[in-house]
Amino acid sequence: MDYSDAQNLALLLLRVSLGLMMAAHGYAKVFRGGRLAGTAGWFDSIGMRPGRLHAPLAAGSEIGSGLLMALGLLHSFAAMAMIGVMVVAAWTVHRHNGFFIISEGWEYTFIIAVAAAALAILGPGEWSIDQAIGLADDLDGLTGLALALAGVAAGAAQVAVFFRPPAATD
């Protein structure tokens, strides 16, 4: 696909900002606050068990997919991973709080997943590693859409297999 300089710049800005934001989120799970052990404990407390498995997987998925997206390397697969993580976060943490992020709702996870899906469909642009090594030509919009949907399915499967919310207390 041929892009104009403006389209390449827009794709680069979206890829880098979304990717670095996601990588920073994963970094925080590992190195900030309660660190990975605290993240694991929190995962256990919300019912995403075992937390010591899911904490490093979530952090690694966020860091890895974010850096790959920012670089434009295997960007459609990075988008798939981002979408999967956001589906899990939306369902396990945010869905009971309504839509708006101001109330800890699922707005934030939704827009990240949609942006990742859009980037998977559009491609990385000509200013990407995928383009430089010839991978961008192998994926079209339909393939990007299929990978985005695979991310939704992977996130849903993870929730179905591992999420056991604690019993509500009054």
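Quick note: the coordinates plus some simple rules give every number you see, no bench work behind them. Every value quoted in this text rests on a predicted model; they were computed, and no experiment measured them. As a convention, Cβ positions derive from the backbone with ideal geometry for all residues, glycine included, and neighbour counts pool all protein chains shown.
What to note about this one:
- Taking every C-alpha pair closer than 8 Å and separated by at least 6 residues, the mean separation divided by the residue count of the stretch 5-162 gives a relative contact order of 26 percent.
- Out of every Cα-Cα pair that the stretch 51-129 contains, those further apart than 22 angstrom amount to 29 percent.
- A simple charge model with +1 on the Cβ of Lys and Arg, -1 on the Cβ of Asp and Glu and nothing else charged puts the dipole of the chain at about 860 debye relative to its Cα centre.
- From the coordinates shown, volume of the Cα convex hull per residue in Å³ corresponds to which of (1) 304; (2) 138; (3) 114: (3)
- Spin-label pair Arg32-Ala167: with each label point 7 Å from Cα along the Cα-Cβ axis, the two points sit 3.6 nm from one another.
- Listed by number, the DSSP H helices of the chain that run 18 Å or longer by alpha-carbon position along their axis and have mean Kyte hydropathy of at least -0.5 are 5-31, 51-71, 75-89, 107-122, 141-162.
- Other-chain or far-sequence residues with amide H under 5 Å of Met48's (modelled H): Arg164
- Förster radius 41 Å - calculated FRET efficiency between Ile101 and Leu142, Cβ distance, rounded to 0.05: 0.85
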